[in-house]
1. With the structure loaded, tell me whether Asp173 is crowded, with 22+ Cβ neighbours inside 10 Å and either among the acidic types (Asp, Glu) or in contact with a His (Cβ under 9 Å, 6 or more places away or on another chain) (or both) or whether it fails that test.
2. Show me the helices (runs of 4 or more DSSP H) entirely contained within the stretch 141-219 in which 1 or more residues are at pLDDT 85 or above.
3. Does Ala438 count as more than 19 Å from Phe328 (Cα to Cα), open to solvent by less than 10 Å² (accessible area, probe 1.4 Å), aliphatic (A, V, I, L, M) and outside any loop (DSSP other than H, G, I, E, B)?
4. Does the stretch 312-321 contain any residue that is at pLDDT below 80, open to solvent by less than 20 Å² (accessible area, probe 1.4 Å) and out of contact with any Phe, Trp or Tyr (no Cβ under 6 Å at 6 or more places or on another chain)?
5. Quick one: which of Ala334, Ala352 is over 19 Å from Ala450 (Cβ atoms), touching a residue at least 40 places away in the same chain (Cβ under 8 Å) and buried (at least 22 other Cβ atoms within 10 Å of the Cβ)?
6. Take Ala257 and decide whether it is open to solvent by less than 10 Å² (accessible area, probe 1.4 Å), assigned to a helix (DSSP H, G or I) and at pLDDT 85 or above.
7. Which number in (1) within 24 Å of Thr343 (Cβ to Cβ); (2) open to solvent by less than 20 Å² (accessible area, probe 1.4 Å); (3) modelled with pLDDT under 85 marks the one condition that Arg84 misses?
8. Could you please find all residues in the stretch 279-311 being buried (at least 21 other Cβ atoms within 10 Å of the Cβ) and at pLDDT 85 or above?
Amino acid sequence: MTAVPASPDDTNLRPTDTDTSTDTDTDTDADTSTDTDTDADADADTSTDTGTSTDTGAGTPETPHGAALLWRRELNHYPVTSRRMAYLAIVVLTTVVLYYALYVQYAVATSIITHFHMTYSYFVWVSVIGNAVGAFASLVAGLADRWGRANMVVYGLLIAALLSLVGLPNAPDKATYLALFACLSFIEGIVLVATPALIRDFSPQLGRATAMGYWTMGPVIGSLVVTVVTSSTLSFAGWQDELRYSGWAGLAVFVLALLGLRELSPRLRDQIMVSLRDRALVEARAKGTRATTAATGHWRQMLRLDVVGSATAVSLFLLLYFGAVGNFVVYFAATFGYSEQRTNGLANWYWAANALALVAAGLLSDRLKVRKPFMLLGAIGSIAVTALFALHATEPRTGYYTFAALFVAIGVLTGVTYAPWMASFTETVEKHNPAATATGLAVWGWIIRAVVAISTAFVPVVVTSATPLVEHGAQVKAASVQAAPALAIIDAHPRLFAELKAYPPNAVPPALAAQAAHEVGAAGLATVHKAQPQLAVLQRYGSQVQSASAQGPGQWRTWWLICVAGQVLFLPFIFVMAGRWSPRRAREEAAEHQRAVDRELAALAEEGD
């Protein structure tokens, strides 16, 4: 078959109808047809296993050797299923360990605050600045459409691993810690864009929700790894050890990605691929076309309501998720007295349920070939359960397993919403320009990091009780225990000690001193004198902590209800995204698309003859 150049209006493969996102099917179905590909396809794939240079459209692509293998990663043929799955697995593993490294600091937040003598506000601004840096890094990652994705991921992971293994655990002061965490967040912002772009490249629209479900498991499994490891090791490990564990994990996956990760050449990835059955046509167009879709105007094409609006909406929908990552340890410690280890154990229920739901929802979405019904039903259910969780925020008698049940429900419903949303979003971007996939994801990455930064900054504004409880709660609690005998004596003689308090210890009038010795006794006065440091703590911070303890549950309820409002705002933007509501209509469009592909392949074959 001789490939012919595509016409200007037909540079990219599109379904017959303009709504590309509806043509979805399970990857399993698609694989059934591709596993029986011709020997020519298999031979073509063999040449890509070590990576090749960009296809020039003529001749045999040059195969890199030696050190070039560590940089030149482009594939000039679409890989067969086994290799495609291997690439997807590496991307998902990379995402898991990166978010493990990013999120572990929140699981040991109170220990880091204590070690560096941070105020709670300072720790919050560590997160705010980190997310702001990550937001702008996401914009930089939009260049992945021109520079490629794989090297950004591979070498970004190496830097992140070294920061977690060597940099952050050995930070000499809180300013250095902030700077190093900002560097880690910069890497996260880049990988946040590059990894889903790779997932999109290696997953046709038939099976996209499943693939995105696995990718979305990256942050979720990363969070689960954090809580599982910390809840199992904090009894004998310090916060520095927890960060180093994530660094070692990052180095291990870096080696795997360095040797195994590849990416499609621009000629292949800049086309819409609805089904793996489109492989022959996509490759024919890639060989016959000397230029891909226009490389200019990507940002302008992405600044549209369905892209920017839906990215903003899903960022608001995930406010509770961000709260779970950044504030659950603080919330449960301040409101229910949970330790870091107990809170991380509780969070395991949320992350495990969310991870399973992401994959299950992706599979079912691909099977039914629709996204929007899943987004709508998941969001409505999440709103209801999150509101129920917010109401329990003021109930100190709420049990551990009640929270666990609520977290399971929220995790499942969030997964039902988010995996189909990720698939629909990439399909929405493709509808405007498949060559601008990374640019569209950069817009999403910038918005989601900006929302995280802004929402994190507003938590102490809404939950004012968090600052005194985090900064002085443990100190006041310890002082109360140590000074308990002295407080009992003072409470038994309130008038006497009120008079003694009016004088410095060395200036008490003799008559008052004699009265105190008579009423309290030398041993009692010695007990009170010994507890003076603890009594000073209670005098300075006791009332603040007591007031914050009373106000805290209500303030946290307000924040959780703000998260509910964010989920409500998500609902109308479902309707502007690409995709069908009806599975029947989606199946009809998929069948018509396949007929169009068959006709074009037949035409190419005739011209080749």
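1. So Asp173 fails the test.
2. Answer list for the stretch 141-219: 150-162, 174-201.
3. For Ala438, the condition - more than 19 Å from Phe328 (Cα to Cα), open to solvent by less than 10 Å² (accessible area, probe 1.4 Å), aliphatic (A, V, I, L, M) and outside any loop (DSSP other than H, G, I, E, B) - is met.
4. Within the stretch 312-321 (the criterion being at pLDDT below 80, open to solvent by less than 20 Å² (accessible area, probe 1.4 Å) and out of contact with any Phe, Trp or Tyr (no Cβ under 6 Å at 6 or more places or on another chain)), the answer is no, since none of the residues qualifies.
5. After applying the criteria, what remains is Ala334.
6. Here the answer is yes, as Ala257 does meet what is asked.
7. (1)
8. Residues satisfying the conditions are Val307, Ser310, Ala311.
The values are calculated or read from the model by the stated rules, or taken from the named source; none is laboratory data. These numbers were taken from a predicted model, which means no experiment stands behind them. All Cβ positions, glycine included, derive from the backbone under ideal geometry; neighbour counts span all protein chains shown. Note: areas computed on protein heavy atoms with side chains; ligands, DNA, RNA excluded. Shrake-Rupley method; radii C 1.70, N 1.55, O 1.52, S 1.80 Å.
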